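Shown below is the structure under consideration.
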Amino acid sequence: MYYILYGFLRFLSFFPLKVLYLLSDFAYGLMFYIFKYRRKVVMNNLFIAFPEKTEKERKLIAKRFYHNLTDTFIETIKFLDWKIEDIEKRFTCNLEGIEQGYKTGRPVHLLGMHNMNWEYVNWGLDRKLKLPFLGIYLPVANKAFDQIMYNMRARYGTVLIPATGFKDAYISWLKKPHILASAADQSPATPLNAYWMNFFDKPTAFIKGAERGARANNATVIFGHFYQTKRGHYHLHTKFISDDVSKMQEGEMTKAFASFVESAIRSKPYNYLWSHRRWKHEWKPEYGDIIQ
């Protein structure tokens, strides 16, 4: 199964990106107009985030989101053919936040969000860093596809650490200089074990793992926002947050991250992964206070 799937995707990757974008345009039409992939979730998320916008304005954001999503899939296939030089032509960085993090001499935790296209960050950033680059990833259920994605992501030196079994895989890096990257805007599985804060003026649960990990590892914390500048081209902006999270009140780092994410989404709303259920939990008093 692996060789059949890899062979098919590899064959597609040989086509010029302009041709593959025609396939993306077609896939966008199917997803948005025919299959309506998670459209109720997307439109509900957009209504929560932007109640001040008209239905027409939210629909335009949704259309751009779906187009960016299909472009992400197509560009990921192209990664099987691209070399690192191809990515460097299409990916730029502002590394001021990370450069400041180097000076602390501590592990650096780079927290990002679900923006498109996330694969560019893996390849585009790895060659620009002075420390080993570790990325947390969620294994795919299909073993053949998971192996393809793993090989592609690790091709130029990124150390991949599975979210499942993270502690065992990460323990050998605890005392080594490194940069650990993760998307910290997931909705927690258990709302009781979450930081609750107002996000787009609605009580929202944020995972505790990112902040707890930074505290436990005495890590420097950097926030990152990556986004499309034009079709097929992306930019990463990094912001230094703290070299000692232990001096911050509990939940303060996560609150700063939530504010950063909201600002990033408001600036480029079409770039966010609206198809995941960011507000699937409703706040209840037993979940604890909302961090103000």
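Determine which single condition Lys175 fails, assuming it passes every other condition in (1) in contact (Cβ under 8 Å) with a residue 12 or more places away in the chain; (2) assigned to a loop (DSSP other than H, G, I, E, B); (3) of a type outside the set (Val, Ile, Thr).
The one condition Lys175 does not meet is (1).
Follow-up question, since we're still on this one. Could you tell me whether the stretch 52-75 includes any residue that is within 20 Å of Phe8 (Cβ to Cβ) and acidic (Asp, Glu)?
Yes, the stretch 52-75 contains at least one residue that is within 20 Å of Phe8 (Cβ to Cβ) and acidic (Asp, Glu).
Show me the helices (runs of 4 or more DSSP H) entirely contained within the stretch 1-111 in which 3 or more residues are small (Gly, Ala, Ser).
Qualifying helices (runs of 4 or more DSSP H): 17-29.
Mind checking which residues of the stretch 1-26 are under 26 Å from Ser267 (Cα atoms) and buried (at least 17 other Cβ atoms within 10 Å of the Cβ)?
Passing the criteria: Tyr21, Ser24.
Which condition does Lys167 not pass, out of (1) buried (at least 16 other Cβ atoms within 10 Å of the Cβ); (2) in a helix (DSSP H, G or I), if it passes all the others?
(1)
On the given criteria, is Ala27 under 17 Å from Arg231 (Cβ atoms), touching a Phe, Trp or Tyr at 6+ places or on another chain (Cβ under 8 Å) and of a type outside the set (Asp, Glu)?
yes
Thr72 - would you say it is of a type outside the set (D, E, K, R), surrounded by 14 or more Cβ atoms within 10 Å (Cβ to Cβ) and closer than 22 Å to His235 by Cβ?
Numbers: of a type outside the set (D, E, K, R): yes; surrounded by 14 or more Cβ atoms within 10 Å (Cβ to Cβ): yes; closer than 22 Å to His235 by Cβ: yes.
It is true that Thr72 is of a type outside the set (D, E, K, R), surrounded by 14 or more Cβ atoms within 10 Å (Cβ to Cβ) and closer than 22 Å to His235 by Cβ.
Please determine, by comparing only the residues of the stretch 192-222 that are aromatic (Phe, Trp, Tyr) and touching a Gly at 6+ places or on another chain (Cβ under 7 Å), which one is surrounded by the fewest Cβ atoms within 10 Å (Cβ to Cβ).
Trp196
Could you check the stretch 201-268 for strands (runs of 3 or more DSSP E) lying wholly inside it with 1 or more residues that are touching a Leu at 6+ places or on another chain (Cβ under 8 Å)? Steps first, answer last, please.
Working: elements: 202-206, 220-230, 233-242.
Because the criterion is at least 1 residues that are touching a Leu at 6+ places or on another chain (Cβ under 8 Å), the strands (runs of 3 or more DSSP E) in the stretch 201-268 that meet it are 220-230, 233-242.
Is it true that Lys103 is within 30 Å of Ala216 (Cα to Cα), charged (D, E, K, R) and modelled with pLDDT under 95? Lay out the reasoning, then the answer.
Numbers: within 30 Å of Ala216 (Cα to Cα): yes; charged (D, E, K, R): yes; modelled with pLDDT under 95: yes.
When the stated conditions are applied, Lys103 passes them.
Kindly provide the set of residues from the stretch 223-254 that are within 19 Å of Ala194 (Cα to Cα) and either surrounded by fewer than 17 Cβ atoms within 10 Å (Cβ to Cβ) or hydrophobic (A, V, I, L, M, F, W, C) (or both), ordered by number.
Within the stretch 223-254, Val245, Ser246, Met248, Gln249, Glu250, Glu252, Met253 meet the criteria.
Hey, another quick one. Pairs under 6 Å by beta carbon, first residue closer than 15 Å to Ala49 by Cα in the stretch 194-215, partner in a loop (DSSP other than H, G, I, E, B) and of a type in the set (Phe, Trp, Tyr), six or more apart or different chains?
Pro203/Trp283
With in contact (Cβ under 8 Å) with a residue 60 or more places away in the chain and in a strand (DSSP E or B) as the only criterion, which of Leu160, Leu180, Leu134 stands out?
Criteria check complete, one pass: Leu180.
Against the condition of a type in the set (D, E, K, R), modelled with pLDDT of 90 or more and either surrounded by fewer than 22 Cβ atoms within 10 Å (Cβ to Cβ) or more than 26 Å from Asn218 (Cα to Cα) (or both), how does Arg127 come out, does it pass?
no
The values are calculated or read from the model by the stated rules, or taken from the named source; none is laboratory data. Predicted, not measured: the structure shown is a model, and the values here were computed from it. Note that we place each Cβ from the backbone using ideal geometry, even for glycine, and neighbour counts take in every protein chain shown.
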